[in-house]
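I have placed the structure first, in the form of structure tokens, so that the comments after it can refer back to it.
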Amino acid sequence: MREICSNKKYLEFDERKGYPKGKDIFYECEICGDIIPSMPEDSIQCSCKQVYIDVDYGRVAVKMPHKMKIFQCISKGK
Ligand SMILES: [Zn+2]
């Protein structure tokens, strides 16, 4: 399986203030190990349903925020 990102920079976040999002930011579920983009085209959830992104409402729902990591994918310079 190909790594989604080879150069991850994990971000600090405060779930009460909202989750960072961006084209190069991904959410990593520590329970099932799924990695989902923070700005998906369609609503998406990880395999164990702990992280759910509702695109229509622009909402991120995480059951246990401490079981999720957020990282930014830093592309290496050429
Ligand atoms: Zn999961």
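A cut-off of 5 Å between modelled amide H atoms, ignoring neighbours fewer than 5 places along the same chain, links Met39 with Gly22. For the pair Glu41 and Lys67 in one chain, pulling the backbone fully straight at 0.36 nm per residue adds 7.0 nm over the alpha carbon distance. For the range 8-73, the per residue solvent-accessible surface stands at 65 Å², with DNA, RNA and ligands left out and a 1.4 Å probe. The listed residues Cys29, Cys48, once ranked by accessible area (1.4 Å probe) with the largest placed first, stand as Cys48, Cys29.
Let me make sure I get this right: for the range 38-78, a, b and c are the square roots of the gyration tensor eigenvalues over alpha carbons, sorted descending. Under 1.5 in a/c it's rounded, otherwise prolate if a/b > b/c, else oblate. Which is it? It comes out oblate by the Cα gyration axes. In this rough spin-label picture, where each label sits 7 Å from Cα along the Cβ direction, the Ile4-Lys23 distance is 1.7 nm. Rg and Dmax of the range 8-73, based on Cα coordinates, read 10.5, 28 Å.
The values are calculated or read from the model by the stated rules, or taken from the named source; none is laboratory data. This is a predicted model, so every value here is computed, not measured. All Cβ positions, even for glycine, are placed from backbone atoms using ideal geometry, and neighbour counts span all protein chains on display. Note: accessible area is taken over every heavy atom of the protein model, side chains too, but ligands, DNA and RNA are not part of it. Shrake-Rupley method; radii C 1.70, N 1.55, O 1.52, S 1.80 Å.
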